[in-house]
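These notes are about the structure you will find just below.
Read-outs: derived from the displayed coordinates by stated rules, not from any lab. Small disclaimer: the values here were computed from a predicted structure and weren't measured. Note that each Cβ is placed from the backbone with ideal geometry, even for glycine, and that neighbours are counted across all protein chains shown.
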Amino acid sequence: MAAQPRRTVVISGATSGMGRATALARLDRGDTVIAIGSSAARGRSLVEQAAAGDRLCFVHADLSSVAENERVVAEIGRDNPVVDALVLFANRPSPRRVETAEGLEHTFALYYLSRYLLARGLTPALDAAADPVVVSVAGVGTTAGSIHWDDLQLTRRYGTVRAQLQAGRANDLLGVAFAEQHAGRARFVLYHPGFTRSGDLSPLNPLARAVIRSLARVAARPVAEAIEPIHGFLDHPPREALTAVDRGTLVDPSLPTLNRKDALRLARVTEDLLRTLRAG
């Protein structure tokens, strides 16, 4: 078999959990990795562990900020005219409602909006690649939760699970809109790995952390197993504009959580929100 060509891979949420494991695995395969993370200490640790020289670039950024996402996009685009793959992991549950400096609910901003901004912003660099792909790691196939159209920032009824589910459903619609609007040449993959021994639990209270860790010991997938399909998406991008996979099973595109009209509506609402933020 011919060796796989080396790729330039951008990974958000790359300094811990599945993001870190994916970054290290791609470096082992010879790829160049641009790792985005919010912790400078974890970024240094990743660089030291990888020992990959100039094939690893760590970008320190708070992706809950629109301005920071736009800075990251500009920086990556300046130094990397071609990006073969974008893998989106960034997410951090918040037990209480937190507003970003720009006035956005934190989970919505980090888990959904950063993915929207990175996928759209890096489209020119992805379009310059021979076989580009975007992989968004979230909860596709899950039908719990909904978009709260009259209160996207959850100012009235905030809850950790409520916020996570809304952002997860928004990410489902992000993939649909990206493919529907032909936002670029890159194929878009929505991937749900299932319950995995991964993720930053530090924002949660001690009891919640203990419960999740106990469950993970008996029920969660190892990280290496959970990320294996991602390598397949990167090495052999699907031919379809949109592919959705839930724990190894293709997702029915007729699910209400993948509704085309809702996807285009959310894209319009998101652009309106971004115009308001930039004008302010």
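What to note about this one:
- Odd one out for G103 among (1) surrounded by fewer than 20 Cβ atoms within 10 Å (Cβ to Cβ); (2) within 19 Å of A35 (Cβ to Cβ): (2)
- Only one entry in S94, S45 is in a helix (DSSP H, G or I), out of contact with any strand residue (DSSP E or B) (no Cβ under 6 Å at 6 or more places or on another chain) and not acidic (D, E), namely S45.
- All positions within the range 164-196 that are farther than 14 Å from D262 by Cβ and in a loop (DSSP other than H, G, I, E, B): H182, A183, G184, R185, A186, P193, G194, F195
- Among the residues of the range 238-280, the one identified as assigned to a loop (DSSP other than H, G, I, E, B) and within 17 Å of the chain's Cα centre (by Cα) is R247.
- Selection within the range 26-41 - surrounded by fewer than 19 Cβ atoms within 10 Å (Cβ to Cβ) and on the phi < 0 side of the Ramachandran plot: D28, R29, S39, A40, A41
- Selection status of D79, within 22 Å of L234 (Cβ to Cβ), acidic (D, E) and without any contact (Cβ under 8 Å) to a residue 24 or more places away in the chain: yes
- Considering residues of the range 177-192 that are hydrophobic (A, V, I, L, M, F, W, C) and farther than 19 Å from N91 by Cβ only, the residue surrounded by the fewest Cβ atoms within 10 Å (Cβ to Cβ): A183
- With respect to the conditions (1) touching a Phe, Trp or Tyr at 6+ places or on another chain (Cβ under 9 Å); (2) surrounded by fewer than 22 Cβ atoms within 10 Å (Cβ to Cβ), M18 lacks only one, and its number is (2).
- Unique match (being aliphatic (A, V, I, L, M), under 19 Å from the mean Cα position of the chain (by Cα) and part of a strand (DSSP E or B)) among V135, V161: V135
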